[in-house]
Structure formats: structure tokens, C-alpha cells
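Have a look at the structure below, then the notes.
The values are calculated or read from the model by the stated rules, or taken from the named source; none is laboratory data. Predicted model, so just to flag it, every value in this text is computed and none were measured. Every residue, glycine as well, gets a Cβ built from its backbone with ideal geometry; the counts of neighbours run over all protein chains shown. Only protein heavy atoms, including side chains, enter the accessible area calculation; ligands, DNA and RNA are left aside. Shrake-Rupley method; radii C 1.70, N 1.55, O 1.52, S 1.80 Å.
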Amino acid sequence: MSVIEEQLPFVGRIEDILAAGGIDDHFHIICDENDVVGFFNIDLGFHKKMDNLSEQDLGLRSFFIDKNFQGRGYGLKAVMLFKDYLQENYCSFSAMALTVNCKNIPAIRCYEKGGFEDTDKLYLGGLAGPQHVMRLEY
Ligand SMILES: CC(C)(COP(=O)(O)OP(=O)(O)OC[C@H]1O[C@@H](n2cnc3c(N)ncnc32)[C@H](O)[C@@H]1OP(=O)(O)O)[C@@H](O)C(=O)NCCC(=O)NCCS
């Protein structure tokens, strides 16, 4: 499972993501029947790594759709399912936050369409340039 080469600066390789996992990381796969179409990490410790987030904010990290399944609506569908999933499974938190590279227009559009809002704060700690900080309250 991977993204295309040009998207690697935005998300990295799955083997590296898995190897870096710690106690706060809840890895998820996105499935459509027998196909594994995507991946994301719910990071319970995200607020500790970021300014301006509260303890009620968990993090969405490493969200991607496999290159063979992109552009078919899976990314948006997954984002639209987050609210219900989080209410049911992460009810001690109340919002999901993420950072997204300012150049990553497809991802920004996808998050906006799925209800995430730009906090108007930029995160400058990313290796590939400034990132928007977006949040979804639930
Ligand atoms: C961003 C990503 C998750 C979107 O998933 P996807 O399944 O390809 O997207 P969808 O088919 O659900 O499209 C949802 C919306 O995203 C936007 N979008 C998707 N691909 C796009 C593209 N190439 N250009 C512009 N907008 C795009 C559109 O607004 C689209 O809605 P529309 O089709 O009604 O216009 C996927 O492209 C991806 O995995 N990218 C690489 C990894 C990455 O950047 N992850 C985000 C890290 S923060």
C-alpha cells in the first residue's frame, strides 16, 4: 500500500509510519469489502506535540488512500465517517486536528468537504514546508 512518488513528502512510507508507532498511535486501515484502500493514524498525544491544541484534541496523521484507489471517493467518504466513528470510539476527546501541507490542495479540499475547518494557524515544523492546522469538532 503506497501513494505516488510525488505525494511521499506529504505522508511518507507505510513501513516507516508503522515502525515509528508508539503507545499513543492507533493505526487504522480503510477497507472496501476485501480491498484495503487506505490508512490513517489516530494519535492520542497529538496535542502534546502542537501549540494551540487542547487535551480534548486528538490527531489525524498519515491519512492516505492507496495510489490505485485514489480519485474514486474513498478519501472523502472516510473523512465523512470520522464524526460518527469518533463519537462512538473516542468520546473522551471532542475534536480531531491535523496538519496538511499548504501545497497539498487535493487533501485540503478533501478535508474541507468533509467538514474540517482551517484554524488559520500555520504549523512550521513539517519537513516539506508550512502546514495548515485544521480541526473537526465532534
Ligand atoms: C488526499 C487524498 C486522501 C484524497 O483521497 P481520494 O480518495 O483520492 O479523494 P476523493 O476521490 O475522495 O476526492 C475527494 C475530494 O478531494 C479533492 N481532490 C481529490 N483529488 C484531487 C486532485 N487531484 N486535485 C484536486 N482536488 C482533489 C476534491 O475536492 C474531491 O472532491 P470532488 O471529486 O467532488 O472534486 C489522496 O489523494 C491521498 O492519499 N493523497 C496522498 C496522501 C496525502 O496527501 N494525505 C494527506 C496528508 S495530510
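What are the pairs, 6+ residues apart or on separate chains, where a residue within segment 52-74 that is under 19 Å from residue 36 (Cα atoms) and more than 6 Å from the ligand (Cβ to nearest atom) has its Cβ under 7 Å from a residue that is of a type in the set (Asp, Glu) and open to solvent by less than 30 Å² (accessible area, probe 1.4 Å)?
Final answer for the pair search is 61/43.
Going by the conditions given, is residue 135 without any contact (Cβ under 8 Å) to a residue 40 or more places away in the chain, out of contact with any Lys or Arg (no Cβ under 8 Å at 6 or more places or on another chain) and either open to solvent by 30 Å² or more (accessible area, probe 1.4 Å) or among the basic types (Lys, Arg) (or both)?
Here the answer is no, as residue 135 does not meet what is asked.
Listed residues 38, 45, 22; which is away from the ligand (no atom under 16 Å from the Cβ), open to solvent by less than 30 Å² (accessible area, probe 1.4 Å) and not polar (S, T, N, Q)?
None of the others qualify; the one that does is 45.
Filtering segment 94-105 down to residues that are open to solvent by 30 Å² or more (accessible area, probe 1.4 Å) and either of a type in the set (A, V, I, L, M, F, W, C) or over 13 Å from the mean Cα position of the chain (by Cα) (or both), which residue is nearest to the ligand (Cβ to nearest atom)?
105
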